[in-house]
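Undergrad: I have a structure here, written as structure tokens, and I will follow up with some questions on it.
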Amino acid sequence: MKISTSKTELQSALQKLSKATPTRSTLPILSNVLFTVQEGGTVLRTTDLEITIIVNLPTSVELPGSVAIPIQTLLDITNELSDDTRITLTSDENNKIEMVTEVGSYDIMGKPAEEFPAIPEVDNRKATGVSARALKDLISKTSFAVSRDELKPALTGVLFRFGKNELTAVATDGHRLVRYTRNDYTTDEFSGDVIVPRKFLSLLLGVLSGEDSIKMWMGENHMTTSIGEDTYFTRIIDERFPDFESVIPKDNDKEFSASQGELLSAVRRVSIFSNKSTHQIALRLNKEKSQITTEDPEKSSKAQEKISGEFDGEDLVIGYNALYLKDILSHVDNEKVIIKLKTPISAALFYPGVQKENANLTMLLMPIRLND
């Protein structure tokens, strides 16, 4: 194999590919990037066996071939080269790589391409299209509520429900739940449910930009996403997602509406004085005045703030984990937040004051029992 390319092209490709390189692995081959060089061009691939990334690298090809090269070494030396540097990579039959630039040459020991895991098999007939902007919005609104409990694998990803004219994303960790639906979407062939792992979604968040054209394919065990020239594969979570519709209450008859920014700021300030293990704060709502309070007997600290807003219903005192409440409020993308409540022990629903066009966001938060 012999190719030449620019430092900036190689650096950009390696930075994308490093997202699918495990930090620790029992398989040494996974810490490498596979170079596959043919007359038509150069394709790079990395995998951690859950996610696979394939990137096309613009190169001048002198000799086709393939070899696996340690990605961290290659990235480290590429980062240290000046931006206008031209790089030539050559490998021999013993997988020894020579990297040559104007300023020097560097020898790296590679591995045989045959050791590298194969590309996942996918069913390319089931395609679905969604805009980059809509997909990024769906991921950012839901992924914060994904569970980190590996004993509940169905909850460690976001459920994507592909309907004919709408796409719904749902995430829950048992304490909070987010359901976000967008109807600026049409399906090609695929309809149904897919649970996508959190790690893959955070990877997509980092690479999606507003102008990208997105294509997604659903297979039995994998989902493939094509973004521009790059292709991303992920294993999907083969579990049954809980019946989230039955969890969302339909009869919350008390309503509190307030400024999203003011309420979030008040929660942040008051929560500084909450107990560091329970993060417990209380919303005290009535028609005359509403407050956020907290008390930590262990440190003899307490705080209270009056919050301006409109409350419709009987007086209510309800406790929350301040960390979860801050998360929910910070994902309301409107100047106003509407909270619908029932009792001190039932789930509250949070909505933006005005829903975005073609979108519907519902967030649920479970209360915690307040200390007397």
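Undergrad: What are the residue pairs meeting all of these: first residue in the stretch 317-338, first residue in contact (Cβ under 8 Å) with a residue 12 or more places away in the chain, second residue surrounded by fewer than 20 Cβ atoms within 10 Å (Cβ to Cβ) and of a type in the set (Lys, Arg), Cβ atoms under 6 Å, and 6 or more apart or on different chains?
TA: VAL317/ARG284
Undergrad: Separate question: Of all residues in the stretch 50-88, count the ones that are part of a helix (DSSP H, G or I) and either within 15 Å of MET1 (Cβ to Cβ) or not assigned by TED's automatic domain parsing to the domain that holds SER6 (or both).
TA: 1
Undergrad: Here's a follow-up. Going through SER246, SER257 one at a time, which residue ends up being within 26 Å of GLY174 (Cβ to Cβ) and not aliphatic (A, V, I, L, M)?
TA: It is SER246.
Undergrad: Would you mention how many residues in the stretch 97-136 are under 18 Å from SER66 (Cα atoms), touching a strand residue (DSSP E or B) at 6+ places or on another chain (Cβ under 9 Å) and assigned to a loop (DSSP other than H, G, I, E, B)?
TA: Counting residues in the stretch 97-136 that are under 18 Å from SER66 (Cα atoms), touching a strand residue (DSSP E or B) at 6+ places or on another chain (Cβ under 9 Å) and assigned to a loop (DSSP other than H, G, I, E, B) gives 5.
Undergrad: Moving to a separate point now. Of the residues that sit in the stretch 1-19 and are farther than 14 Å from LEU74 by Cα and surrounded by 19 or more Cβ atoms within 10 Å (Cβ to Cβ), which one is nearest to the chain's Cα centre (by Cα)?
TA: ILE3
Undergrad: Follow-up. Just to be sure I understand, how many residues within the stretch 215-240 are within 17 Å of VAL194 (Cα to Cα), under 17 Å from the mean Cα position of the chain (by Cα) and either among the aliphatic types (A, V, I, L, M) or in a loop (DSSP other than H, G, I, E, B) (or both)?
TA: Matching residues across the stretch 215-240 total 4.
Undergrad: Within the stretch 258-267, is there a residue that is of a type in the set (S, T, N, Q), within 17 Å of LEU370 (Cα to Cα), without any contact (Cβ under 8 Å) to a residue 24 or more places away in the chain and outside the structural domain of HIS175 (by TED's automatic domain parsing)?
TA: No: the stretch 258-267 contains no residue that is of a type in the set (S, T, N, Q), within 17 Å of LEU370 (Cα to Cα), without any contact (Cβ under 8 Å) to a residue 24 or more places away in the chain and outside the structural domain of HIS175 (by TED's automatic domain parsing).
Undergrad: Does LEU323 fit the bill of being under 25 Å from ALA145 (Cβ atoms), surrounded by fewer than 18 Cβ atoms within 10 Å (Cβ to Cβ) and not assigned by TED's automatic domain parsing to the domain that holds ARG179?
TA: Considered against the rule, which asks whether it is under 25 Å from ALA145 (Cβ atoms), surrounded by fewer than 18 Cβ atoms within 10 Å (Cβ to Cβ) and not assigned by TED's automatic domain parsing to the domain that holds ARG179, LEU323 comes out as yes.
Undergrad: Among PRO28, PRO22, which is the only one that is over 24 Å from the mean Cα position of the chain (by Cα), over 14 Å from ALA118 (Cα atoms) and either of a type outside the set (Asp, Glu) or surrounded by fewer than 19 Cβ atoms within 10 Å (Cβ to Cβ) (or both)? Steps first, please.
TA: Numbers: PRO22 fails: over 24 Å from the mean Cα position of the chain (by Cα).
Answer to the selection: PRO28.
Undergrad: Something else: Of everything in the stretch 352-372, what is at pLDDT 95 or above and over 19 Å from ARG284 (Cα atoms)? Give them in sequence order.
TA: Selection gives PRO352, GLY353, VAL354, GLN355, ASN360, LEU361, THR362, MET363.
Undergrad: So how many residues does the stretch 135-178 have that are surrounded by fewer than 20 Cβ atoms within 10 Å (Cβ to Cβ) and aliphatic (A, V, I, L, M)?
TA: Of the residues in the stretch 135-178, 2 are surrounded by fewer than 20 Cβ atoms within 10 Å (Cβ to Cβ) and aliphatic (A, V, I, L, M).
Undergrad: Residues to consider are THR142, THR128; find the one that is modelled with pLDDT of 95 or more and touching a Phe, Trp or Tyr at 6+ places or on another chain (Cβ under 9 Å). Step through it out loud before you land on a result.
TA: Values: THR128 fails: modelled with pLDDT of 95 or more.
None of the other options fit; the residue is THR142.
Undergrad: Looking only at the stretch 1-33, filter to residues that are assigned to a strand (DSSP E or B) and β-branched (Val, Ile, Thr); which one of those is farthest from THR85 (Cα to Cα)?
TA: Of everything passing the filter in the stretch 1-33, VAL33 is farthest from THR85 (Cα to Cα).
Undergrad: Among (1) more than 16 Å from the chain's Cα centre (by Cα); (2) at pLDDT 90 or above; (3) in a loop (DSSP other than H, G, I, E, B), where does ARG148 come up short?
TA: Going through (1) more than 16 Å from the chain's Cα centre (by Cα); (2) at pLDDT 90 or above; (3) in a loop (DSSP other than H, G, I, E, B) one by one, ARG148 breaks only (1).
Undergrad: Moving on to the next point. Taking the conditions exactly as written (in a strand (DSSP E or B), over 27 Å from the mean Cα position of the chain (by Cα) and over 27 Å from GLY228 (Cα atoms)), does THR36 satisfy them or not? Before you say what the answer is, go through the steps one by one.
TA: Numbers: in a strand (DSSP E or B): yes; over 27 Å from the mean Cα position of the chain (by Cα): yes; over 27 Å from GLY228 (Cα atoms): no.
Answer is no for this residue.
Undergrad: Between a residue in the stretch 80-92 that is of a type in the set (A, V, I, L, M) and any residue that is surrounded by fewer than 16 Cβ atoms within 10 Å (Cβ to Cβ) and part of a loop (DSSP other than H, G, I, E, B), which pairs come within a Cβ distance under 9 Å, given they are 6 or more apart or on different chains?
TA: LEU81/VAL103
Undergrad: Taking the condition closer than 17 Å to ASN32 by Cα and not in a strand (DSSP E or B), does ASN94 pass?
TA: Yes.
Undergrad: Let me ask you something else. Among the strands (runs of 3 or more DSSP E) lying completely within the stretch 258-365, list those that include at least 1 residues that are out of contact with any His (no Cβ under 9 Å at 6 or more places or on another chain) and within 30 Å of ASP184 (Cα to Cα).
TA: Working: elements: 280-285, 290-296, 301-307, 309-312, 316-321, 336-341, 348-352, 359-365.
Because the criterion is at least 1 residues that are out of contact with any His (no Cβ under 9 Å at 6 or more places or on another chain) and within 30 Å of ASP184 (Cα to Cα), the strands (runs of 3 or more DSSP E) in the stretch 258-365 that meet it are 336-341, 348-352, 359-365.
The values are calculated or read from the model by the stated rules, or taken from the named source; none is laboratory data. The shown structure was predicted, so the numbers you read here are calculated from the model rather than taken from an experiment. For neighbour counting, all protein chains shown are included, and Cβ atoms are generated from backbone atoms with ideal geometry for every residue, glycine included.
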